[in-house]
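The values are calculated or read from the model by the stated rules, or taken from the named source; none is laboratory data. Model, not experiment: these values are computed from the prediction. Here the Cβ positions follow ideal geometry from the backbone for every residue, glycine too, while neighbour counts run over all protein chains shown.
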Amino acid sequence: MSSATNRLACRPTLCRFFSSLQLNPSGAVRILYGSQTGTAQLFANQLAEGLEESGLKNVEVVGLDEKPPNEILSPGDLHLVVASCAGRGEPPDNARKFYDWIMMDPSAKIVKGLNFAVFGLGNKSAHPNNYNVVAKRLDARLGELGAHRITDVALGDDGGCIENDFDEWMASIISKVVPNSPTNASVPTDTPTNDLKKEVDVKQLDEKVDVVERPTTLDPAQSDIVRRDLFHLTGSNRFYADNTKKLEVIDNRILTPDAGESALHEIRVSLRCHDSSGNKTELSYTTGDHFLVYPRNSDAIVDAYVKMLGVNPHAIISENQHDSYPYPKGLTVTETLSHCIDLGAPPSPSFARIILDRKDVDYVKEISNPRRTVIDLCQQTGTKLTFEDFIHNAVPIKPRYYSIASSNIKHPNEIILVYRPVRYMTSKGYLREGLCTSFLAHKGAAQRGVDDVACLPALVVSNPTFRLPLDTQTPVLFVGGGCGVAPIRAFIEERIILQSTGHCCGPATLFLGFRNPHDEVYQGLVQEALQVGALTNSDIVYSSGSDKSCQQMLVSELVRQRGGSVWKHFQDGGHAYLCGGARTFGAAIEAAFLDIFQMHGKLDFDGANEYMRVLVDTGRLAEDLAN
Ligand SMILES: Cc1cc2nc3c(=O)[nH]c(=O)nc-3n(C[C@H](O)[C@H](O)[C@H](O)COP(=O)(O)O)c2cc1C
């Protein structure tokens, strides 16, 4: 690790713990990743670095779409699979072909004699019925086909502390694969040293990352948008998804000005755009789809990190970096910090231990719950990080999913999103803003042409399991809370059009909750739907009403109160849609449904769970729950 480029590849975190191990390089290790939004890919790269730093030579990271399915597995090698779940228990797009092949193709028997272990990425509270099913099924299938499992499938929960889950699994893999390794990398047995503090100064950084000075300052019109040419959409450095476009914001407004700082906002985005050759194209969507937005950090936080790291913001990171450089090459330092790294996210457990120079860090209590960031920890400890330390250990920006709040029949050329800006003070007095919601909140409507302030890098993501029933007569029940109003708005809008174009719609019930009456949105649309018969009943409740006349209760209480009719709805073949936050709202409504199935359906606990499972499996209970 002496050359400039190789030093970049070194993750100090793991280097220190594993560099002096005796190794037994008995064969090649193939790390396979299936990733929708980049986390599994990041983990796969971290695992490769951990294994290489332990001395393994023959480690390869392979995206599950990088080879034909029947060439992905290589008998005799160890395969470490890192795979997330997307959709409703679906594999991520890049894993789809391999997943279908291994699950169904008879030629998939060739995996006999192969060693493997699987780490899954999922979200338990958001997807309780499909939690990590992709990893579980891959693990079971590989075993069934005769491959040798070196350790049980491990499940990472993105609703908890997935970095911790992964660190633990990686440590156990390294201890199995590399003889004489420490048994637990996440609680290192050696005392952390001051390695980071001895790292290079800015001048050396320029040598190490091979940067060149950009003669002029950045052109703001080029710095904040989708730049497919700049963000190298090839190979493992793929940053934006292929069909990401730069889309114009048509309107961005507060829906409920009386609700104060945390009011719900609505943003309208045009689907008309230009392709790379300058030709006009149009994106399309179907009601119920998702919209993926790539946010960037604010200039203020980027400036703070530039100062803390002592780097030249205009230096360009050269194309000649080592392959393990985690971000697109050729960007300036500012662009990399703005677009690639989540500067407001807490560091990973291992990085936090390094910065704090302690091995006994209580990660959840000290770091993740208070949402302390790298800059907070460095200010607290006086730790001086180099740019390379930071860039190789910091958390990358993940794109954010939003439920589209419009019907494609009513709005074929634009989409509507509903969002609530996240902004709060931590107990330590730090102001925190949600990365994507504050990014959206600063997007003005397009004034003249397409400028950065008015554009979003974004794409439509199909959500085929979240659709209104094909038979418009089927009874539907919409249950939503807060921002969960978004997909419900889309469905109501669609039913109004269906109704007005002669498609007679069956009964539709709406149970909707807001914080208080000031927070309530889209009353006009709900009234119109009730008048034209697109909705049959509507109950709106508030978790904290401001006057006695309003319905002060939780949506889950309302659902329980209407238990008899909810049971009848399902017995009549009705469909239901659950839309809101995963942890509290989604879990509470599911619990209410289970109670109803027991009380009104006279089922026992297992029977109620089974009833729910069948509803989910047959697409009659569809969820759109946010983390
Ligand atoms: C649209 C969407 C659908 C998801 N579906 C599931 C699911 O069915 N089951 C699950 O356990 N997790 C699900 N998740 C959670 C992801 O698997 C989890 O956030 C993971 O860390 C993403 O990893 P990736 O960035 O590598 O794709 C879903 C996430 C999104 C955004």
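Here are a few things to note about the model shown:
- Condition check for Leu435: more than 30 Å from Pro507 (Cβ to Cβ), at pLDDT below 95 and within 16 Å of the ligand (Cβ to nearest atom): yes
- Where a residue in segment 79-103 is under 19 Å from Trp169 (Cβ atoms) and β-branched (Val, Ile, Thr) and its partner, wherever it lies, is within 7 Å of the ligand (Cβ to nearest atom) and not in a strand (DSSP E or B), with Cβ under 6 Å and at least six apart: Val82/Ala40
- Matching residues, segment 465-501, being of a type outside the set (A, V, I, L, M, F, W, C) and either touching a Ser or Thr at 6+ places or on another chain (Cβ under 6 Å) or at pLDDT below 90 (or both): Thr465, Pro487, Glu493, Glu494
- Qualifying residues in segment 222-275 (those that are among the β-branched types (Val, Ile, Thr) and more than 23 Å from the chain's Cα centre (by Cα)) - the one modelled with the lowest pLDDT: Thr256
- Selection from segment 376-392 of residues that are more than 11 Å from Gly310 (Cβ to Cβ), assigned to a loop (DSSP other than H, G, I, E, B) and of a type in the set (Val, Ile, Thr): Thr383
- Taking segment 604-616 as the range and being surrounded by 13 or more Cβ atoms within 10 Å (Cβ to Cβ) and within 15 Å of the ligand (Cβ to nearest atom) as the test, only Val616 passes.
- Residues that are near the ligand (Cβ under 10 Å from one of its atoms), within 23 Å of Gln46 (Cα to Cα), modelled with pLDDT of 90 or more and touching a Leu at 6+ places or on another chain (Cβ under 8 Å) within segment 127-164 comprise Asn132, Ala135, Lys136, Gly156, listed in sequence order.
- Taking the listed residues Thr472, Thr465, the one that is in contact (Cβ under 8 Å) with a residue 12 or more places away in the chain, over 24 Å from Glu282 (Cα atoms) and either surrounded by fewer than 21 Cβ atoms within 10 Å (Cβ to Cβ) or of a type outside the set (Gly, Ala, Ser) (or both) is Thr472, with no other qualifying.
- Exactly one residue among Ser556, Ser543 is touching a residue at least 12 places away in the same chain (Cβ under 8 Å), surrounded by 19 or more Cβ atoms within 10 Å (Cβ to Cβ) and among the polar types (S, T, N, Q), and that residue is Ser556.
- Selection from segment 492-533 of residues that are without any contact (Cβ under 8 Å) to a residue 12 or more places away in the chain and among the small types (Gly, Ala, Ser): Gly502, Gly524
- Of the strands (runs of 3 or more DSSP E) entirely within segment 254-370, those holding at least 1 residues that are away from the ligand (no atom under 16 Å from the Cβ) and buried (at least 18 other Cβ atoms within 10 Å of the Cβ) occupy 265-270, 272-274.
- Just one of the listed residues (Ala587, Ala622) is within 16 Å of the ligand (Cβ to nearest atom), among the hydrophobic types (A, V, I, L, M, F, W, C) and surrounded by fewer than 19 Cβ atoms within 10 Å (Cβ to Cβ), and it is Ala587.
- Flag if Asp210 is more than 30 Å from Thr334 (Cβ to Cβ), of a type outside the set (A, V, I, L, M, F, W, C) and modelled with pLDDT of 50 or more: no
- Which listed residue is within 24 Å of Gln46 (Cα to Cα) and at pLDDT below 95, from Leu114, Leu121: Leu114
- Checklist (1) surrounded by fewer than 16 Cβ atoms within 10 Å (Cβ to Cβ); (2) within 29 Å of Asn609 (Cβ to Cβ); (3) among the hydrophobic types (A, V, I, L, M, F, W, C); (4) touching a strand residue (DSSP E or B) at 6+ places or on another chain (Cβ under 6 Å) applied to Phe119, failing item: (1)
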